[in-house]
Amino acid sequence: MHRCRIFQLTPLNMVNISIKSMPLLANINKVIARRTFATSKAAATKQMTVRDALNSAMDEEMERDERVFIIGEEVAQYDGAYKVTRGLWKKYGDKRVIDTPITEMGFTGIATGAAMAGLRPICEFMTFNFAMQAIDQIINSAGKTFYMSAGRVNVPIVFRGPNGAAAGVAAQHSQCYGAWYAHCPGLKVVSPYNSEDCKGLLKAAIRDPDPVVFLENEILYGVQYTMSDQALSKDFVLPIGKAKIERPGKHVTIIAHSKAVETSLEAAKELAGKGIEAEVINLRSLRPLDFDAIAKSVSKTNHLISVEQGWPTCGIGSEILARIMESETFFHLDQPAIRITGADVPMPYAKTLEAAALPTPKDVVEAAKKLLKVK
Amino acid sequence: IRANNNILRINNVTSVLNRNLAIETQPFDVYNLDDSPKTSAELSKEDALRYFEQMSFIRKMETAIGKMYTKKIIRGFCHLYSGEEAISVGLNAIMRPQDTVITSYRCHAWTYLMGDGLQPVIAELLGKKSGCSRGKGGSMHMYVKNFYGGNGIVGAHVPLGTGVALAHQYKKDDGICTTLFGDGASNQGQVFEAYNIAKLLSLPVIYGIENNNYAMGTSVVRSSAMKELYKKGNYVPGIRLDGMDVLAVREACRFAFDYIKSGKGPIILEFLTYRYGGHSMSDPGTSYRTREEVEEVRKNRDPLKLLKDKVIGSGLVTEDELKQIDEKAKKAVKEATDKSVADTEIAAEEVAYDIYSNYKGKVKMVQWSKYLDHKNVGFKPINL
């Protein structure tokens, strides 16, 4: 799948939209004049897949810091189960790209111990579903040790791999763990969307002296995105804990992470055709969660939709809505904040059922129209 | 009978030249190995006094801790090492500055041996700011340089220690990591996963099984289909020895270190030992074993007594010298205890500090609108 992500804004239709303060006309010039890319403003110089962005992030960091190494199943001689580590074993050898047996609990503990002793491991899980076997090491060993040692032993490890639903892999291979890991103090949790996100945030995660859970998305691995010159540089690092406004808007704030950002952007495109300018925020990180960005946006748009692929119960959307309730931002809402999530079911196999279990752009569009009372 | 340049035989002890004692240990059980640790251990007066002092300090410290626990000034879990001292002292005698250790929650002795003495241990248990984790870790989470805790989850630290060994190999720093765990932990799946990778990569790790015969209330006979724990590594060679004899421990560790230095990969040491106390302070330790059994070990196998008998009997050391050490230990424990009791806890705001080594932001507190700024006020992280 090679798609270019370019969003073009059409002139607004003046439909019956409830707008709080700013007159539309004042903003139309600004809005039409800007040809908005899904990535940074600089002129597009290269298309890169998410897979290659991750690969180059790891390559650059391994070159920069000798302590960085990769450990996981099939990461070396197989070039990576999803080819994300392609070429790295050939370049760096056995010492720095280590194939493991299928023993998650064991190799995750080993990677964590190596981090405690001063190395910088990148521990790959073939998918985060298998990381459940190792979750004690991730949370109890990696996440809590800094606190329990009163700052003496930090754990500079990255746990990465595909998270959430793929296509047709059914219940045991489709769970989203964003909420599980974001729940835990001591961990940092990143859930990137496009190539720029993946490169900048993975580099940041590797350089970070704390344990980072890096949740990728298998379906996005092959998608090409524009990479600015800046994003292509060897020192391109994005801050963990800061969200990005993927698409500015004014009528409704749509918050998403990972694949759901794509869903939201497609919904925003459709909504624009109906005169609704949605502001799409790409969370980028789940812990720390950039609530300031959310608050700032909602105080402008007065409407909030949280979109995620994970289950609704105690999910990321629940957390966002709870924080809105508890903060001054609540008083900026014209309508209750709502969530669009994966269905609260184990993932089925049959295609129609699977489609019914995950959010689509249509779901987001319908929700926005309903919120804004647009037909 | 005084040690001199003559050869004397007392029981199974032979006195040799240079006023060092040659002591015979029990023979070692070996598995998958062509040779065995030496049963003849050489002991200088200096070493004898040092081992006795270290074991005394540990014994007195653990006893005092037990008393404080019953007085409820130590809370939560508290797992005492009384009876098992010889393992830590014997291994510590072989370690070089670049070597590392990791163990379970029965960690007070190691924190003392590798850290700054008794006071940071006792203060930590009392939750005070001079504790080795500033009161934030407690009994099970004590860390000092080259000692990676102090770990609460049974068996989880075995892969961790294997990872520390991987780091030694990666950095080529000639270090060896000894990963200690109990008979209960030895059945954990992740232990076998660790053995597997350690063997595949020839990691410099010694797996030290402190077999005190009981995993909480479950004896080895009931927990382990195969009771010869030193053989369970299968492709990893193993040695079983008397863990109450500090010299046997030392010689076995010496052998294990040499084995690892020759690049042959991991090795298992099964120390047969005993804990006088229960699994923890919540366990009286008498429902699954008889008082007679405990008394029998105290009388006939106590590590301090075993060492004392050897060194006094041969005249290497006098009763008086050992008595002095006893007093020294008593005094040191009292001093450390008094100092710790007088110390205070860290301020309540510190609950929100030192969660991350790199985080500038807020931490949500209990009340719905209360946030504290995260700060770093503790120790400087070692892995920046």
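The values are calculated or read from the model by the stated rules, or taken from the named source; none is laboratory data. Note that this is a predicted model, so its numbers are computed, not measured. Note that we place each Cβ from the backbone using ideal geometry, even for glycine, and neighbour counts take in every protein chain shown.
Remarks
- A single entry from A:281, A:240, A:255, A:305 fulfils the requirement of being surrounded by 23 or more Cβ atoms within 10 Å (Cβ to Cβ), out of contact with any Cys (no Cβ under 7 Å at 6 or more places or on another chain), assigned to a loop (DSSP other than H, G, I, E, B) and modelled with pLDDT of 95 or more: A:240.
- Applying the condition of being touching a residue at least 40 places away in the same chain (Cβ under 8 Å) and of a type in the set (A, V, I, L, M, F, W, C) to region A:115-129 and asking which residue is nearest to the other protein chains (Cβ to nearest Cβ) yields A:119.
- Residues that are more than 8 Å from chain A (Cβ to nearest Cβ) and surrounded by 22 or more Cβ atoms within 10 Å (Cβ to Cβ) within region B:152-163 comprise just one, B:155.
- Residue match in region A:185-193 (condition: part of a helix (DSSP H, G or I), aromatic (Phe, Trp, Tyr) and within 21 Å of residue A:341 (Cβ to Cβ)): no
- Enumeration of residues in region B:198-211 that are out of contact with any strand residue (DSSP E or B) (no Cβ under 6 Å at 6 or more places or on another chain) and within 17 Å of residue B:231 (Cα to Cα): B:199
- Scan of region B:38-75 for residues that are part of a loop (DSSP other than H, G, I, E, B) and either within 25 Å of residue B:312 (Cβ to Cβ) or not assigned by TED's automatic domain parsing to the domain that holds residue B:121 (or both), ordered by number: B:38, B:39, B:44
- Every listed requirement among (1) surrounded by fewer than 24 Cβ atoms within 10 Å (Cβ to Cβ); (2) small (Gly, Ala, Ser); (3) touching a strand residue (DSSP E or B) at 6+ places or on another chain (Cβ under 8 Å) is met by residue B:149 save one, (1).
- Taking region B:125-151 as the range and being more than 7 Å from every other protein chain (Cβ to nearest Cβ) and among the hydroxyl-bearing types (Ser, Thr, Tyr) as the test, the residues that pass are B:130, B:139.
- Identity of the residue in region B:164-201, in a loop (DSSP other than H, G, I, E, B) and buried (at least 20 other Cβ atoms within 10 Å of the Cβ), that ends up farthest from the other protein chains (Cβ to nearest Cβ): B:183
- Any hit, region B:108-123, residues being among the acidic types (Asp, Glu), in a loop (DSSP other than H, G, I, E, B) and either without any contact (Cβ under 8 Å) to a residue 12 or more places away in the chain or closer than 24 Å to residue B:339 by Cβ (or both): yes
- Here the condition is being more than 14 Å from chain B (Cβ to nearest Cβ), closer than 29 Å to residue B:175 by Cβ and in a helix (DSSP H, G or I); of A:62, A:58, it holds for A:58 alone.
- Residues that are closer than 14 Å to residue B:353 by Cβ and in a helix (DSSP H, G or I) were ranked within region A:134-154; the one that is nearest to the other protein chains (Cβ to nearest Cβ) is A:148.
- Of residues in region A:217-241 being more than 13 Å from residue A:47 (Cα to Cα) and hydrophobic (A, V, I, L, M, F, W, C), the one nearest to the other protein chains (Cβ to nearest Cβ): A:240
- Conditions (1) closer than 18 Å to residue B:182 by Cα; (2) in contact (Cβ under 8 Å) with a residue 60 or more places away in the chain; number of the one not met by residue B:55: (1)
- Boolean, residue B:217 is among the small types (Gly, Ala, Ser), touching a residue at least 12 places away in the same chain (Cβ under 8 Å) and within 21 Å of residue B:168 (Cβ to Cβ): no
- For region A:285-311, a residue qualifies if it is under 17 Å from the mean Cα position of the chain (by Cα) and closer than 20 Å to residue A:360 by Cα, and the qualifying residues are A:305, A:306, A:307, A:308, A:309, A:310, A:311.
- Residue A:224, sole failed condition from (1) touching a Ser or Thr at 6+ places or on another chain (Cβ under 7 Å); (2) buried (at least 24 other Cβ atoms within 10 Å of the Cβ): (2)
- Taking region B:288-367 as the region of interest, the helices (runs of 4 or more DSSP H) fully inside it that hold 3 or more residues being within 29 Å of residue B:138 (Cβ to Cβ) and of a type in the set (Val, Ile, Thr) are B:319-342.
- Scan region B:126-149 for residues that are in contact with a helix residue (DSSP H, G or I) (Cβ under 6 Å, 6 or more places away or on another chain) and either among the aliphatic types (A, V, I, L, M) or in a strand (DSSP E or B) (or both) and the total you get is 4.
- Only one of the numbered conditions (1) surrounded by fewer than 18 Cβ atoms within 10 Å (Cβ to Cβ); (2) among the polar types (S, T, N, Q); (3) within 12 Å of chain A (Cβ to nearest Cβ) is not met by residue B:357, and that is (1).
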